[in-house]
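What follows is a set of notes on a single structure, which appears directly below.
The values are calculated or read from the model by the stated rules, or taken from the named source; none is laboratory data. This structure is a prediction, so every number in the text was calculated from the model and none was measured. Every residue, glycine as well, gets a Cβ built from its backbone with ideal geometry; the counts of neighbours run over all protein chains shown. Accessible surface areas use protein heavy atoms only, side chains included; no ligands, DNA or RNA. Shrake-Rupley method; radii C 1.70, N 1.55, O 1.52, S 1.80 Å.
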Amino acid sequence: MEAISLSSSSISAIASSGAVKVKQSLSFSKNKMSVISCQSGSNNNHHAIKSSGISSVLTESSPSPLVSSPALIGPASLVLSPGQVEMHDEGSIGIVKFLKGKTFLITGGTGFLGKVLIEKMLRTAPDVQKIYVLIKAKNSEAALERLKNEVINAELFKNLKEKHGKSYQGFMLSKLIPVVGNVCETNLGLDKHTFDFMTNELDLIINSAANTTFDERYDTALDINTGGPTRLIGFAKQCLKLKLFLQVSTAYVNGQRQGRIMEKPFCAGESISAAGVEEAVLHKLIVEDEIKLLVESKQSLQDSSLLHKMKELGMQRAKKYGWQDTYVFTKAMGEMMIDNLRGEVPVVVIRPSVIESTYKEPFPGWMEGNRMMDPIILQYGKGQLTGFLVDPNGVLDVVPADMVVNATLAAMAKHGEAGKPEYNIYQVASSVVNPLVFRDLAELLYQHFNSSPFMDSTGNPVRVPKMKLFHSMEDFSSHLWRHAINRTGLGALANLDGKLSQKLETICRKSVEQAKYLANIYESYTFYGGRFDNSNTKRLMGCMSMEERQEFGFDVEKIDWEDYISNVHIPGLRRHVMKGRGLNS
C-alpha cells in the first residue's frame, strides 16, 4: 500500500477512533498477555452466499495481567527467564486446519511480504474461503487490474500456476477479492455496503501496510504507520466474528534499546530515551500530542518548505524519544494504539528484523525491490562502493521472508483458534540465536563477487577489493573521495581539460554524497547495540508437530549464512532485482 500525506480530515479520523482518549485509558487491568501452552482446537464450517456489493462468492456463518514495561528499559532488565523453551513432538497447532474456510482481510497485500504470505496460504490451504485484499485504487476495475498485475501475475506464484494449469486465473480470482480502500481514510475508505458486509464476515485481519522509508516526512509516516493501525483496530472491534487481529510490525520498534531485547509491549506514554524518573515524565510519549504538534507545524509552514520540514520534524521527534528514525518511531506508536484501543480483540504482533529474500519457499531467493542491505551489495559488486560505515563486530539481523510468513501463520492459527483477548508478541529475528556479523558478511560478499563477478559495459569482469569497514564518517568520506577520483580518472585529467575535470568532479561529488547519505541513514542499524530475543517464537515452534515444522519452518538458528548469502540471496538479487543485468551470458 502506498502512503499518503496526513490531511486534516485524516487527523480527525485518528482522533475520532480513539487517539485522543489515550490519557483517559491508561488502565490495562483487563488486558492480558498470554503464556503459550500447546493445545489444538477445532474449526467451524462455513457455506457460501452471493453479495451484490462485491462480485464474488462470500462466506456466511452464524453469529494474564499485562506485563508493564518501565519507562526506561536497560540491558540489566533484559534477562531471559530460564526453562521456558520446550519442544513437543506430539500434538500440533493445526495450521492448515485453522486456515480452512476462513475469511481474511489483508492490507499491504500487493507488497513484498504480503505476496509471500498470500502465496503460502493458497498453496498450503487452497480451501481457505476468501482473502480480501485492500487496494488503493480509483475504482474496482483499477483495483482488479492491480491485483492481477502485482499479485496474480507475479513470478512468485509460478508453483501455483504449474499446479492449477489453465484453471490458475479462475482459482486465484475465486480466492482473492480486491477491495477498494485505504488505511489512511475513515472506515478504511469502504462504502457502507462493503463495510457492513465485511464486519459480518471477516474471521481475521492482517495489517501489513506500511511506509518503510526511514526518513519519510512525518505527516505521511504517521498517517499510515500510526493512523493505519488505529483505524484498523477500530474496524476490527466492529467485526462480529473476528478471531484475531494480526499486526506486522518490525523488531526495530524497540528503538535504541541496548542488550538483549525481550518480546514486550509498549505501555502508553513509554519513552525509550528517558534516563530517570524525572526525565521520564518530561519525555512521556503521548500519541495524540504528536498529532496535535503535527497539525500546528503544518499550519505554520509554507508549501515550499513543507517537504523538508516534515522530514526534519519526523527525525527530530523520533530521536527525542529514543528511536533512530521516523519509520520505526511511527510503527512503535502504531503498536501503542493497537494495545490501548483493542478492547477484547485478540491481537498478535509479528516483529521481524530485516526481511530479505526467501530461504526455500516457494523457491529460494525470490525478492522484490531493494531491501535494506541490497543497495550496498549491488554497489559493491559493481565496483562502485568499496567500503562502508559499519561496526565490523556488529550484527546485521536478517530473516528470510518465508520464515516470517511461516511464523505469522503459526501464530495466527495458535491464537486465532484460542480466541482469547490476549496480546501476543513474536520477534522473528536472528541476532541472538544465529548472528550474522558484519565482518563475516563483508568476507562473504568478497568471495562471491570474486568467483561470480558482474560484467561491465564492455563485457569484462568487475574485480572488487575486500570491503573496508569504517568506524567514523570522516574516514569513510575520505575513502569515498579517493575511490571516486581513482575510478573516474579525475586526478590524471585535472590539468588537461578544465571542462572535463569539472564534469568529473561533479560526478564524483554526487557519488560521494549518495554514499554518505546511505551511510547516515543506515548508521543507527550498522552500529546497533540491541539483540532481539525470540523466546516466544521458539516456544511457538515447540507447539508444532514435526510435519508442521517441516512445512511451516521458521528456525532461524539453522540458517547457514554462507550458503544463504552466496547461493540464495545474491543470486536472487541478481535475477529478480537486476533482472540478469551484469551477468556473463
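Working carefully through the options VAL399, VAL437, VAL395, VAL390, find the one that is open to solvent by 10 Å² or more (accessible area, probe 1.4 Å), touching a Ser or Thr at 6+ places or on another chain (Cβ under 6 Å) and of a type in the set (Val, Ile, Thr). Spell out the reasoning first.
Working: VAL399 fails: open to solvent by 10 Å² or more (accessible area, probe 1.4 Å); VAL437 fails: touching a Ser or Thr at 6+ places or on another chain (Cβ under 6 Å); VAL390 fails: open to solvent by 10 Å² or more (accessible area, probe 1.4 Å).
It is VAL395.
Can you list residue pairs whose Cβ atoms sit under 9 Å apart, with the first residue in the stretch 155-181 being β-branched (Val, Ile, Thr) and the second being open to solvent by 50 Å² or more (accessible area, probe 1.4 Å)? Count only pairs 6 or more apart in sequence or on different chains.
ILE177/SER55; VAL179/SER140; VAL180/LYS136; VAL180/LYS138; VAL180/ASN139; VAL180/SER140; VAL180/ASP191
Out of all the residues in the stretch 286-309, is one or more farther than 30 Å from PHE235 by Cα, outside any helix (DSSP H, G or I) and at pLDDT 95 or above?
Here is the first cut: in the stretch 286-309, the ones farther than 30 Å from PHE235 by Cα are 300-309.
Among the residues that remain, those that are also outside any helix (DSSP H, G or I) are: 301-302.
Subsequent filtering for residues that are at pLDDT 95 or above retains none.
The answer is no; no qualifying residue exists.
Residues in the stretch 153-188 that are more than 21 Å from GLY365 (Cβ to Cβ) and either open to solvent by less than 60 Å² (accessible area, probe 1.4 Å) or part of a helix (DSSP H, G or I) (or both): how many? Show your work before the answer.
So in the stretch 153-188, the residues more than 21 Å from GLY365 (Cβ to Cβ) come out as 164-188.
Restricting the remaining residues to those that are either open to solvent by less than 60 Å² (accessible area, probe 1.4 Å) or part of a helix (DSSP H, G or I) (or both) gives 164-184, 186-188.
The qualifying residues number 24.
Residue pairs, Cβ under 6 Å, 6 or more apart or interchain, first in the stretch 508-525 and of a type outside the set (Val, Ile, Thr), second part of a helix (DSSP H, G or I) and open to solvent by 30 Å² or more (accessible area, probe 1.4 Å). List them.
CYS508/THR488
Can you name the residue in the stretch 510-526 that is of a type in the set (Ser, Thr, Tyr) and open to solvent by 30 Å² or more (accessible area, probe 1.4 Å) and is also nearest to the chain's Cα centre (by Cα) among such residues? Steps first, please.
First, the residues of the stretch 510-526 that are of a type in the set (Ser, Thr, Tyr): 511, 517, 522, 524-526.
Among the residues that remain, those that are also open to solvent by 30 Å² or more (accessible area, probe 1.4 Å) are: 511, 517.
On the way: SER511: 29, TYR517: 22 Å.
The selected residue is TYR517.
Name the residues in the stretch 379-426 that are under 30 Å from THR103 (Cα atoms) and of a type in the set (D, E, K, R), would you?
Within the stretch 379-426, ASP402, LYS414, GLU417, LYS420, GLU422 meet the criteria.
Could you tell me whether PRO421 is under 30 Å from ILE106 (Cα atoms), touching a Gly at 6+ places or on another chain (Cβ under 8 Å) and not polar (S, T, N, Q)? Let's see the steps before the verdict.
Values: under 30 Å from ILE106 (Cα atoms): yes; touching a Gly at 6+ places or on another chain (Cβ under 8 Å): yes; not polar (S, T, N, Q): yes.
Yes: the conditions hold for PRO421.
If I filter the stretch 402-418 for residues that are assigned to a strand (DSSP E or B) and either of a type outside the set (Ser, Thr, Tyr) or within 19 Å of the chain's Cα centre (by Cα) (or both), do I get at least one hit? So that I can check it myself, show each step before the final result.
Pass one, the stretch 402-418, residues assigned to a strand (DSSP E or B): none.
No: the stretch 402-418 contains no residue that is assigned to a strand (DSSP E or B) and either of a type outside the set (Ser, Thr, Tyr) or within 19 Å of the chain's Cα centre (by Cα) (or both).
Out of the residues in the stretch 419-434 meeting the condition of being in a loop (DSSP other than H, G, I, E, B) and touching a helix residue (DSSP H, G or I) at 6+ places or on another chain (Cβ under 7 Å), tell me which one is surrounded by the most Cβ atoms within 10 Å (Cβ to Cβ).
Filtering the stretch 419-434 for residues in a loop (DSSP other than H, G, I, E, B) gives 419-421, 429-434.
With touching a helix residue (DSSP H, G or I) at 6+ places or on another chain (Cβ under 7 Å) added as a condition, the list becomes 429-430, 433-434.
Details: ALA429: 29, SER430: 24, VAL433: 18, ASN434: 18.
This residue is ALA429.
I'd like the full set of residues that are assigned to a loop (DSSP other than H, G, I, E, B) and among the hydroxyl-bearing types (Ser, Thr, Tyr), limited to the stretch 519-570.
Quick first cut of the stretch 519-570, residues assigned to a loop (DSSP other than H, G, I, E, B) only: 527-529, 533-534, 543-545, 552-555, 559-560.
Passing the criteria: TYR528, SER545.
If you take the residues of the stretch 219-263 that are in contact with a Lys or Arg (Cβ under 7 Å, 6 or more places away or on another chain) and assigned to a helix (DSSP H, G or I), which of them is farthest from VAL428 (Cα to Cα)?
ASP219
Look through LYS510, LYS516, LYS579, LYS538 and report the one residue that is at positive phi and not small (Gly, Ala, Ser). If you could, list the steps in order and put the result at the bottom.
Details: LYS510 fails: at positive phi; LYS516 fails: at positive phi; LYS538 fails: at positive phi.
So the residue among LYS510, LYS516, LYS579, LYS538 that is at positive phi and not small (Gly, Ala, Ser) is LYS579.
Among the residues in the stretch 227-242, are any within 15 Å of PRO352 (Cα to Cα) and buried (at least 24 other Cβ atoms within 10 Å of the Cβ)? Before you say what the answer is, go through the steps one by one.
The initial filter retains those residues of the stretch 227-242 that are within 15 Å of PRO352 (Cα to Cα), namely none.
No, that holds for no residue.
Kindly indicate whether TRP323 is within 26 Å of ASN536 (Cβ to Cβ), buried (at least 23 other Cβ atoms within 10 Å of the Cβ), among the aromatic types (Phe, Trp, Tyr) and at pLDDT 95 or above. I'd like the intermediate steps shown before the answer.
Details: within 26 Å of ASN536 (Cβ to Cβ): yes; buried (at least 23 other Cβ atoms within 10 Å of the Cβ): yes; among the aromatic types (Phe, Trp, Tyr): yes; at pLDDT 95 or above: yes.
For TRP323, the condition - within 26 Å of ASN536 (Cβ to Cβ), buried (at least 23 other Cβ atoms within 10 Å of the Cβ), among the aromatic types (Phe, Trp, Tyr) and at pLDDT 95 or above - is met.
From the set of residues in the stretch 343-360 that are over 29 Å from HIS576 (Cα atoms) and surrounded by 22 or more Cβ atoms within 10 Å (Cβ to Cβ), which is nearest to the chain's Cα centre (by Cα)?
Taking the candidates together, the pick is VAL349.
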